[in-house]
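Quick notes on the structure that follows.
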Amino acid sequence: MAFDKLLLQVLVCPVCKGALVAHTHPDTLEQELVCKFDRLAFPMLGDAPILIEHKARTLLLAEYEQVK
C-alpha cells in the first residue's frame, strides 16, 4: 500500500507545525516528508512517516531548492 497523499492535508511538522511536502531522497530514492520552513526531511518506514525531530535529517541548500 502506498502513502496516501491526502494525509498531507492533516499531517504537520512536529517542530513548527507547518505543512509537509512529499519528496523522494535524491540518492536513495526513498520517500520522505519535508518541512520547507525548518529544512528537515522526515523518513518513512514503509508507508508510515516517522515524525520525530531527532530522526529527521537536515536538508542541504542544494536539496532544499529541489523540493517542490
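Taken together, the values in this text are just the output of simple stated rules run on the coordinates, not laboratory data. Computed from a prediction, not measured in an experiment: that's the story for all the values here. Positions of Cβ are backbone-derived with ideal geometry, glycine not excepted, and every protein chain shown enters the neighbour counts.
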Explain nothing, just the number: relative contact order of the range 9-68, from Cα pairs under 8 Å at least 6 residues apart, as a whole percent. 26
Please list, by residue number, every one of the chymotrypsin sites (Phe, Trp or Tyr not before Pro) in the chain that is coil in DSSP and has at most 13 other beta-carbon atoms within 10 Å. Phe37
Quote the charge dipole size of the chain about the Cα centre in Debye, to the nearest 20; the model charges only the Cβ of Lys and Arg (+1) and of Asp and Glu (-1). 220
Measure off 7 Å from each Cα along the Cα-to-Cβ vector at Gln31 and Lys17, then give the distance between these two points in nanometres to one decimal. 2.7
Is the range 13-68 best put as rounded, prolate or oblate by its Cα gyration tensor, with a ≥ b ≥ c the root eigenvalues, rounded for a/c under 1.5, and otherwise prolate when a/b is larger than b/c, oblate when not? oblate
